[in-house]
């Protein structure tokens, strides 16, 4: 996983703009989470479910106001990957993902973590943390 200003997937590759940061703000800005999963050969041709959660430094969900009340910042989706021709049997298959986000109003001078789960399981390396700068003194 990598934090970026923007990301996209094309031709099975991740294209990343302004990637590799861990400090943002204090004002809300657009951002992206770039992810490269490796699906084991025996897990190809199977539907997988992924979830991405934004948590605070205490591991609690970050809540956003909505018309239905405060809701956690969560993004979900599904994917399936086939066995590409010409790949040696047993080789993991890459699944690149680019999650682009609009500006999220986060508290300043705080630490946050994006946590990824696939099929209800936390993945090794499936989290990335960042901090927000303090608000300027007026």
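Every number here is computed from the coordinates shown, using simple stated rules; none is lab data. Note that the structure is a prediction, hence the values are computed from the model and not measured. Note: ideal-geometry Cβ built from the backbone for every residue, glycine included; neighbour counts use all protein chains shown.
I'd like the distance between the alpha-carbon centres of region 73-109 and region 1-59, rounded to an integer number of Å. After rounding, the separation between the Cα centres reads 6 Å. The candidate values are [x] 14.3, 43; [y] 14.2, 46; [z] 16.7, 62; the one derived from this structure for Rg and Dmax of the Cα atoms in Å carries the label [z]. With contacts taken as Cα pairs under 8 Å at a separation of at least 6 residues, region 69-138 carries a relative contact order of 24 percent.
Taking the fewest neighbouring Cβ atoms within 10 Å as the starting point, the ordered list for 49, 42 is 42, 49.
Between residue 94 and residue 51, residue separation times 0.36 nm minus the direct Cα-Cα distance comes to 13.7 nm. Shown for 128, 88: other C-beta atoms within 10 Å of each C-beta, ranked fewest to most, produce the order 88, 128.
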